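The values are calculated or read from the model by the stated rules, or taken from the named source; none is laboratory data. Bear in mind the structure is a predicted one, so any value in this text is a computation, not a measurement. Neighbour counts are summed over all protein chains in view; Cβ atoms, including those assigned to glycine, are modelled from backbone coordinates with ideal geometry. Ligands, DNA and RNA are stripped out before the accessible areas are found, and what is left, the full protein with its side chains, is counted by its heavy atoms. Shrake-Rupley method; radii C 1.70, N 1.55, O 1.52, S 1.80 Å.
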Amino acid sequence: MHHSIEIKQLSFAYPDGHPALERVSLKIEPCEKVALVGPNGAGKSTLILHLNGILLGEGVVQVCSLPVDKPNLARIRGMVGLVFQNPDDQLFSPTVYDDVAFGPLYQGLPDAEVRQRVQDALAAVGMQDYAGRVSHHLSMGEKKRIAIATVLSMQPEVLVLDEPTAGLDPRARRGLIRLLDELPLTMLVSTHDLHMVKELFTRMVIMDNGCIVADGLTDELLNDEALLSAHGLERP
Amino acid sequence: MHVHFLDPYRPRPSLVHQLDPRIKLVLTLSFILTTALMPQGAWPVYILLLAVMISVVLLSELGTGFVLKRSALAFPFVLAALPLVFTGPGPSLGETMLGEWTLRISQPGLERFLSIAFKSWISVQAAIVLATSTPFPQLLVALRAIKTPRLLVAIFGLMWRYLFVLADETLRLIRARAARSGVSAQGEVKPGGSMLWRARVTGGMAGSLFLRAFERSDRIYMAMASRGYDGEVRMLPLPALKPVHWVILGAGMVLFAVLLAIAYLL
Amino acid sequence: MLASPVPMHIPDGFLSVLVSVTLWIVSVLVIAYALKRVNADLDERRIPLMGVLAAAIFAAQMLNFTVVGGTSGHLMGAALATILLGPWAAILVMTSVVGIQALIFQDGGLLVLGANIFNMGIVGVAVSYAAYQLTRTLLRDTRRTVLIGGFVAAWLSIFITSLSVALQLALSGISPANIAIPAIGGIHALIGIGEGLITVSALGFILAARPDLVRNGMARPVGGKVVLGVGLGAALLLAVLSPLASAHPDGLERVAEQQGFLSAARTPAFTMIPDYVFPGVSNQNAATILAGIVGTVLVFAVALGIAYTRRRKPTPTTEK
């Protein structure tokens, strides 16, 4: 059967030998939105970096039935939109326009199509008027939205976000949650923001020490005090 | 806390701002070259050059005061040319006694000194108008148009983007240093430590800045790779220049040529 | 704010057109070669690394510390870039730093940008590389040697670069060699100590946290021998040439005179204070001055006219 993301027995150790992931297995269906929580150093970011082949570990990772390996990298990276935590790392071009055009340009699309994609992606995050702007003049909330637009322009199958609400003031956070709710895409969101998880995601995965320790309905897991405190989480 | 002051661009609705950056860059470079090619002491033509420059400043709506103040930046360097006044050849304009030394003011030397100072002054004004009337991303477009290698343009773009991010970080480091550089309550302790110690603190700050830069470049690389980056630099093609741009470029070139001709032929 | 306290970034107007253009050509050729070398190295991370490090050098130049009295030491960064990135990438990084300083901060001119890139980017990097590698070959390669090599490279890069600046000024007939070279070289021999101390402390900090970075930089250079040779050559040449030039300024002066003062001689019509005394302004002079004034008035009239017609239109407000 077709899964958006399918991970089987994935293990990974950093060059210094420190193991970061141990036999992680996870399946995500099309259009499902899943939250990934756990303490710092649990391996969430490492797992995310495997989804588009920035890191290649032992085991199987498939995106839309396509195995993530060297020959498929270019296609995979167009299918998985990865948004990093710090928008100052994600937005590396002089202008917003250049940044949103970067992905489509490297997909080898014709110029007219690239321009259309940029427009559509900026419209999708409600930032149409920001094309000519310079990234360092933007607020944190604006940067986070543009960062999402930079991957939407590639028209990915799956959206993967690392800490989307970190560092936002309440209003910007609210706007971002609304945006995530409206986007009709498969989503895997790594976060510490359990209030958002409760509000937005029906399914939640808890990681600790490089393993998946729980995977189930958000409402049930968030009511399991023992489980939460065992992994350094607090009930919202 | 942001170091916006680093960005010299000043938005105005002026004609100079609206001019295509490619034309603006080429005209600026040509103006500076024209100035450099002027024979020294051609004062009437110098005044014409100044008139052209001031007109552009007026048109740019940046404010003459603003441009003049910024143009003072280059003045300290004038010191390097000062000896000319006293060591130049030819007739003397007079002598002054400086203690035991007799300083002879050479007339060609003085003229050359003033020419250099003047040329430098209007050249820097041209550069200021270019930088303050053109957003940097548009300057990058202009650099591409004059065939700057793409790899270099890409480095320029990244550098400019992270200049502000790292300058913010540096400012935080400097404030942290200042916050801990108090004077001891015991009166006789000299504040500031030895020069060696101060250099070590500063060097440590530079080191941590570089370390963070390395780590950041790793994360940027991952963000780039996630969007398909493969080590090659790709950019959207530049829009075509309109005929009116070519007319402006041509007119500027003719003006410079005429000025040069006046200076050399008259 | 960001202007260097002592001349190193030459502004426009201070070098003759011949010297400027020659050094532009040399710089373009070297940059093209460095680009080829860097491109041959298939590390995909190199572009973001060079861009961010260039920004870091720029930001590190904001850090300064008081040396003695009012003078303050701060970083040029050529040595640090060379040690961390290897010579070819360092040339590109320094080119970007010097280029951006000229383009957006007017720190150094545009026509003389080729010369500034040549001095700080090419001479600075080549000398740093030669000094660093030689120190490490002569002494045993330990942590301390890296630091000593860093100091020598940093000091020498500043000193030799300043000699290069002084020679160019002398060649352009701006400053007599016997004044420019001791003055500029002398000041920078002191400033170089500051550069050396900062470079060493920065290297020490990086060595403690990520020793691999310091090793990687030097593991990379392909064709490093060329740079080593060029750097050593440039250092020796400038170090020998400079005292020679300043002891016998006549030869250099003659070259400069041919370029500079000759053009003055060619157009006597423009010397406002013609030969020896103040005679009555001759007819020809009066005519050119008059033409100048008329032309100036015309240019102003056109400019003001355009400005005025635009002022009357309601100016569209642009986004802030």
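Just one of the listed residues (C:A170, C:A130, C:A126, C:A189) is over 24 Å from B:A206 (Cβ atoms) and under 23 Å from the mean Cα position of the chain (by Cα), namely C:A170. Being within 29 Å of the chain's Cα centre (by Cα), more than 9 Å from chain C (Cβ to nearest Cβ), over 30 Å from B:L238 (Cα atoms) and open to solvent by less than 20 Å² (accessible area, probe 1.4 Å): is that true of B:V129 here? Criteria not met by B:V129. Listed here are the helices (runs of 4 or more DSSP H) enclosed by the stretch A:31-100 that have at least 2 residues being more than 8 Å from every other protein chain (Cβ to nearest Cβ) and open to solvent by less than 50 Å² (accessible area, probe 1.4 Å): A:44-50, A:73-79.
Can you tell me which residue among C:L113, C:L138, C:L134 is open to solvent by 10 Å² or more (accessible area, probe 1.4 Å) and at pLDDT 90 or above?
Going through C:L113, C:L138, C:L134 in turn, just one is open to solvent by 10 Å² or more (accessible area, probe 1.4 Å) and at pLDDT 90 or above: C:L113.
Could you look through the stretch B:197-216, keep only residues that are open to solvent by 10 Å² or more (accessible area, probe 1.4 Å) and within 7 Å of chain C (Cβ to nearest Cβ), and pick out the one that is nearest to C:G196 (Cα to Cα)?
Here the answer is B:R200.
B:M38 fulfils the conditions (1) at pLDDT 90 or above; (2) facing another protein chain (nearest Cβ under 8 Å) except for a single criterion, (2).
If the Cβ limit is 8 Å and pairs must be 6+ apart or interchain, which residue in the stretch B:136-152 that is more than 7 Å from every other protein chain (Cβ to nearest Cβ) pairs with which residue that is of a type in the set (A, V, I, L, M) and open to solvent by 20 Å² or more (accessible area, probe 1.4 Å)? Short answer, once both residue conditions are applied: B:V141/B:L238; B:A142/B:V26; B:R144/B:M235; B:R144/B:L238; B:A145/B:L238; B:I146/B:V26; B:R150/B:V233; B:R150/B:M235. C:G173 meets all of the listed conditions (1) assigned to a loop (DSSP other than H, G, I, E, B); (2) open to solvent by 40 Å² or more (accessible area, probe 1.4 Å) but one, namely (2). Using the structure shown, decide if B:K24 is more than 8 Å from chain C (Cβ to nearest Cβ), free of Cβ contacts under 8 Å to residues at least 40 places away in the same chain and either surrounded by fewer than 21 Cβ atoms within 10 Å (Cβ to Cβ) or in a helix (DSSP H, G or I) (or both). Considered against the rule, which asks whether it is more than 8 Å from chain C (Cβ to nearest Cβ), free of Cβ contacts under 8 Å to residues at least 40 places away in the same chain and either surrounded by fewer than 21 Cβ atoms within 10 Å (Cβ to Cβ) or in a helix (DSSP H, G or I) (or both), B:K24 comes out as no.
Quick one: is B:A126 among the aliphatic types (A, V, I, L, M) and not assigned by TED's automatic domain parsing to the domain that holds B:L249?
no
This table checks each residue for (1) of a type in the set (G, A, S); (2) in a helix (DSSP H, G or I); (3) within 14 Å of another protein chain (Cβ to nearest Cβ); (4) more than 29 Å from C:V112 (Cβ to Cβ).
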residue	(1), (2), (3), (4)
C:G149	yes, yes, no, yes
C:V165	no, yes, yes, no
C:G194	yes, yes, yes, no
C:T199	no, yes, yes, no
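Within the option set B:A36, B:A51, B:A42, being touching a residue at least 24 places away in the same chain (Cβ under 8 Å), open to solvent by less than 20 Å² (accessible area, probe 1.4 Å) and of a type in the set (G, A, S) holds for one residue only, B:A42.
Table: residues versus (1) in a helix (DSSP H, G or I); (2) among the hydrophobic types (A, V, I, L, M, F, W, C); (3) at the interface with another protein chain (Cβ under 7 Å from one of its Cβ atoms).
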residue: C:L15; (1), (2), (3): no, yes, no
residue: C:V19; (1), (2), (3): yes, yes, no
residue: C:T22; (1), (2), (3): yes, no, no
residue: C:L29; (1), (2), (3): yes, yes, no
residue: C:Y33; (1), (2), (3): yes, no, no
residue: C:R37; (1), (2), (3): yes, no, no
residue: C:E44; (1), (2), (3): no, no, yes
residue: C:L49; (1), (2), (3): yes, yes, yes
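Note on the stretch B:222-248: among residues that are open to solvent by 30 Å² or more (accessible area, probe 1.4 Å) and assigned to a helix (DSSP H, G or I), the one that is nearest to B:I174 (Cα to Cα) is B:M222.
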